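J.: Sending over a structure as structure tokens; questions will come in a sec.
Readers should treat all values here as calculations from the given coordinates under stated rules, not as data from a laboratory. Source: prediction; values computed, not measured. Heads up, the Cβs are rebuilt from the backbone with ideal geometry, glycines too, and the neighbour counts pull from every protein chain shown.
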Amino acid sequence: MLQQRTVTSWGNVRKGRHLTAAPAFRDDVPAAVAALVGAGNGLLPYGLGRSYGDSCLNVGGGLIETTRLDRVLAFDTEAGILRAEAGLSLDALHRITVPRGWFVPVTPGTRFVTLGGAVANDVHGKNHHLAGSFGCHVRRLALRRSDGTLMECGPDCETGLFRATIGGLGLTGLIESVEITLVPLASAEVEVENIPFDRLEAFFDLSADSADWPYTVAWVDCLARPPHLGRGIFSRGRPAADGPLTATPPGRPLTMPLEAPSGLINGLTVRAFNALYYRRPGARYCGRSHFQPFFYPLDGILRWNRMYGAAGFYQYQCVVPPDTARTAVPRLLDAISRAGEASFLAVLKTFGDVPPPGLLSFPGPGTTLALDFPNRGRSTLRLMTALDDIVRKAGGRLYPAKDARMPADLFRSGYPQWRAFAEYRDPAFASDLWRRVGAV
């Protein structure tokens, strides 16, 4: 059954009317795909809607919602190989695998993402420098094309289509099921160290010194000025060798009940927050944490995107290569600090050199910076255009899953295999992002 409804991406900047289908069983998928194809204007898979910009939207066209397709199809608890429908969330997956001593090999900053979304955006996590991205651990995909064909693809079969689908933004077809290799887990707890640093150069030193730690990431104060430009808190962790195998920690998450008033997040409030956060008692810490607050701190507040009010927010995430990172990252932070555009969600991490599995995979060797900017209209867009110029000159690229305004030339220079990808794109699958950056 098709329904018209308004769909909004996580950043709440992009939204629009869509014709939607929500099949509950795999047997229902061919008819749902055919109905949306027949309605015209293309279709696009849609999971839990955590893409920040317009990569998950197809305004005026169709969306096929996958969250009811959430069953585990097979789980080898001896080998750690799991196959499940693509609408299964990482949150639900953990409830099945963690008590049995298994964990996802790579996880992004939220557990509220589907397996299909993890593949389509080739998500990365705190362990990229050792484990690569999510697609590196995918064994098989079942992909439904718009002509009704169900194709099985993997690293050793239909490899071209497989590489296009990993990080392919849902444009090669509907992922019906995913088979992945999990990693063994002795405890649901993580051994954590938090280390404050007072300048950007110290971040690079800590990253190099922590290369043998499985998980590393840093929060940075993007409003700090020299001599403390890029100050922040470096976090590193490794799985605990023993402890309980509980999928969820005690307590319940908070919920942001309503959209905050416009202007709540501004230069004054963020400057105050950043100063307090940098100097808080837990800024320097050594101890244990359940994996949820370590990997997913923002999930502790459900619907946290409402903090940005009705105007929403943009996320800007880039990666710049190792040979330009030490000059480009300071320039990015300096431009942000001078502009006074407030972001208290600013994350810095060093990626490793694990080869990317997808034609449009975002992670690559270098340093990645991710920031949330409240939508203030032209001033915010001007700042991001200035950041684009720094990234472009540094030979970097932006993350399409987070993007809502990247110019086509920056997409194409950052993803030189985009034409090869276009050969595998299903002609009936479309998105607002692809019409903006990739359509020819």
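J.: Return the long-range amide H neighbours of R139 (sequence gap of 5 or more, or a different chain), with a cut-off of under 5 Å between placed amide H atoms.
T.: Under 5 Å from the amide H of R139 lie the amide H atoms of E179, I180, T181, each far enough along the sequence or on another chain.
J.: If you don't mind, another one. For the stretch 272-308, which trypsin sites (Lys or Arg not before Pro) are both in a DSSP coil and crowded by at most 16 other Cβ atoms within 10 Å?
T.: Answer in residue order: R284, R303.
J.: Can you give the alpha-carbon Rg of the stretch 72-185 over 2.2 N^0.38 Å, where N counts its residues?
T.: Rg over 2.2 N^0.38 Å, computed on Cα atoms: 0.99.
J.: Something else now. Post the alpha-carbon centroid distance, the stretch 365-395 to the stretch 211-229, in whole angstrom.
T.: Result: 17 Å between the Cα centres.
J.: Can you show me the helix-derived [θ] at 222 nm for the chain, built from DSSP H runs with n ≥ 4 at -39,500 (n - 2.57) apiece and divided by the number of residues, rounded to the nearest 500.
T.: -7500 deg cm²/dmol
J.: Next question, about the same structure. Would you mind telling me which residue in A275, A240, A86 has the biggest mean-square fluctuation in a Gaussian network model of the chain, where springs connect alpha carbons within a distance under 10 angstrom?
T.: Of A275, A240, A86, the Gaussian network model singles out A275 as fluctuating most.
J.: Something else: Among S177, S207, S379, whose mean-square fluctuation peaks in a Gaussian network model of the chain (Cα, cutoff 10 Å)?
T.: Top of the fluctuation ranking is S379.
J.: I've got another one for you. Enumerate the lysines that K349 could reach by cross-link, defined here as Cα to Cα under 22 Å, with residues fewer than 8 away along the same chain left out.
T.: K126, K393, K402
J.: Ok, one more. Connecting C-alpha atoms closer than 10 Å in a GNM of the chain, tell me which of T172, T367, T110 has the biggest fluctuation.
T.: Per the Cα network of the chain with a 10 Å cutoff, T110 tops the list.
J.: What residues qualify as long-range amide H neighbours of A346, i.e. H under 5 Å apart, gap of 5 or more or another chain, H built at 1.01 Å from N?
T.: The answer is V220.
J.: Exactly which GluC sites (Glu not before Pro) in the stretch 47-138 are in a DSSP loop and have at most 14 other Cβ atoms within 10 Å?
T.: E78
J.: Using only Cα atoms, what is the ratio of the radius of gyration of the chain to 2.2 N^0.38 Å?
T.: Relative to the rule-of-thumb radius for its length, the chain sits at 0.94.
J.: Ok, one more. By the scheme Lys and Arg +1, Asp and Glu -1, what is the net charge of all other residues having a beta-carbon under 14 Å from that of S235?
T.: +4
J.: Another question, then. Which one of V319, G167, G230 is farthest out on the positive end of the charge dipole of the chain, using unit charges on Cβ (Lys, Arg +1; Asp, Glu -1) and the Cα centre as origin?
T.: G230
J.: Also: Distance between Cα centroids, the stretch 166-195 to the stretch 32-64: provide it in whole Å.
T.: If you average the Cα positions of each part, the centres end up 24 Å apart.
J.: What dipole magnitude, in Debye to the nearest 20, does the stretch 72-185 give about its Cα centre under +1 on Lys/Arg Cβ and -1 on Asp/Glu Cβ?
T.: 300 debye
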